[in-house]
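Asks: Okay, handing you the structure first.
The values are calculated or read from the model by the stated rules, or taken from the named source; none is laboratory data. All values reported here derive from a predicted model rather than from experimental measurement. Quick reminder, even Gly has a Cβ in these numbers, built from the backbone with ideal geometry, and neighbours come from all protein chains shown.
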Amino acid sequence: MTALLDLFSALSATAGDATFWMPERASTFADEVDGPFYVVYWISVFFTLLISALLIYFVVKYRRRGETSPDTADAPTHHTLLEVTWTALPLMLVIVLFYVGFEGYMNMELPPQNAMQVDVTAQRWSWTFTYPENGWQDAELHVPGDRPVQLLMRSTDVLHSFFVPDFRVKKDVVPGKFSRIWFESPNDTGEPTEHWLLCAEYCGKDHSRMIARVVVHPTYESYAAWLEDAADIFNKYPPHVAGSILFEKRGCVQCHTTDGAPLTGPSLKGAWSRAANRDTEFEAFGRIDLENYDGLVENYLREAILYSQAKIVAGYPENMPTFKGQLDEQEVAALIAYIKWLDEEGHVGSALEAWRGENPEAAAAVEGGAN
Ligand code: CUA
């Protein structure tokens, strides 16, 4: 049967290439998915053409001629050999296809013992990846190409679906339970390669924006170097810059802009001064009363991040997930510093870009040759 799989693979393209119906082949599953797909595809093409051609031929050959009925007395009613053939051949064909499909399915269901694990959290409308080595959470999925990777996935709200077309892996992420998927994506290019993760289950307004970059590092060493560097934000950057990085890494950016334009949630630009000037309006609670927050905008923003459902800004949906337990106090303080920075004249977008522009030497020192 392995020989059969090899034959199926040979009928499709060589590794790495996209084909007409299939995207780039970037995991070890590509052969066992594309092979059977193209076999079924070409069988379908063959029979569609054969049956259509015979149909046209018979329509012409046996068309009605004149008024007399043809004599059907001698016409055959059975042909045992023909009937056994057209039953047995398709039966064998579908048994073989079932075997190949089942073998591939079992292979995709059961991760190898040595697979490294990354935790995946899906929420409207972003993906968060938690790395086992140091607990760093990122909005990009980084994996080493030299070993199998299994993902333990959960959803904090509704049904999502994890889909990386280049890897041929797809699985529902269901609230209230874990699901698992694994893949191995060999990368011998010497450079990190990029792929796209899509959400493949309609999950609300911004479903189509629920995408994430997948980066495959050639080796575990280069993956580990990326991870160590990515996690080190508080040593490398001032708090508001660290907050700007967290804003992008933890999915805030999916729903909040930094230039004043409303999105799913209110823009973070101006959020500070709206609260400080007592202009923030809440659904059901009316105008903000800063005395409830000891007079500190920081306390209001902390509540808005950690207990996002406590008060909803008027005119926006109750969509924001709570970040209680997801962000520690240092991270919350950094995000608040970033929101405060955004409120200053001329500050929009990434504080990291702005900081790099203003402090080229310090940036070169902490970022060096990394990335
Ligand atoms: Cu998540 Cu669609």
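Asks: Kindly indicate which of N134, N107 is at pLDDT below 90, more than 12 Å from the ligand (Cβ to nearest atom) and out of contact with any Ser or Thr (no Cβ under 7 Å at 6 or more places or on another chain). Steps first, please.
Replies: Numbers: N107 fails: at pLDDT below 90.
The match here is N134.
Asks: Moving on to the next point. Within region 172-186, take every residue that is surrounded by fewer than 18 Cβ atoms within 10 Å (Cβ to Cβ) and either touching an Asp or Glu at 6+ places or on another chain (Cβ under 7 Å) or of a type outside the set (A, V, I, L, M) (or both) and give me the one that is nearest to M210 (Cα to Cα).
Replies: D172
Asks: Follow-up. Restricting to region 149-164, give me the number of residues that are more than 21 Å from P23 (Cβ to Cβ) and surrounded by fewer than 22 Cβ atoms within 10 Å (Cβ to Cβ).
Replies: 7
Asks: Related question: So which residues in region 317-350 are hydrophobic (A, V, I, L, M, F, W, C) and farther than 26 Å from A122 by Cα, if there are any at all?
Replies: Residues satisfying the conditions are A337, W341, L342, V348.
Asks: If you don't mind, there's one more thing I want to ask. Out of everything in region 213-233 that is over 25 Å from S244 (Cβ atoms) and not small (G, A, S), what residue ends up being farthest from the ligand (Cβ to nearest atom)?
Replies: Going through the qualifying residues, I end up with E221.
Asks: Can you confirm whether V39 is farther than 30 Å from H160 by Cβ and in contact with a Leu (Cβ under 7 Å, 6 or more places away or on another chain)? Please lay out each step first, then the result.
Replies: On the way: farther than 30 Å from H160 by Cβ: yes; in contact with a Leu (Cβ under 7 Å, 6 or more places away or on another chain): yes.
Yes; evaluated as a whole, the condition is true for this residue.
Asks: Okay, moving on. Restrict the check to region 150-162 and report whether at least one residue is within 16 Å of the ligand (Cβ to nearest atom), touching a Leu at 6+ places or on another chain (Cβ under 6 Å) and either assigned to a strand (DSSP E or B) or within 29 Å of E367 (Cβ to Cβ) (or both).
Replies: Scanning region 150-162, I find no residue that is within 16 Å of the ligand (Cβ to nearest atom), touching a Leu at 6+ places or on another chain (Cβ under 6 Å) and either assigned to a strand (DSSP E or B) or within 29 Å of E367 (Cβ to Cβ) (or both), so the answer is no.
Asks: Only residues that are in a strand (DSSP E or B), within 16 Å of the ligand (Cβ to nearest atom) and not hydrophobic (A, V, I, L, M, F, W, C): list them for region 175-212, please.
Replies: P175, S179 - these are the residues of region 175-212 that are in a strand (DSSP E or B), within 16 Å of the ligand (Cβ to nearest atom) and not hydrophobic (A, V, I, L, M, F, W, C).
Asks: Need at least 1 residues that are within 30 Å of P175 (Cα to Cα) per element, so show me which helices (runs of 4 or more DSSP H) inside region 318-371 make the cut, counting only ones lying wholly within it.
Replies: On the way: elements: 329-342, 351-358, 360-367.
In region 318-371, the matching helices (runs of 4 or more DSSP H) lie at 329-342.
Asks: Give me a count of the residues in region 122-131 that are over 11 Å from the mean Cα position of the chain (by Cα) and either within 12 Å of the ligand (Cβ to nearest atom) or surrounded by fewer than 19 Cβ atoms within 10 Å (Cβ to Cβ) (or both).
Replies: 3
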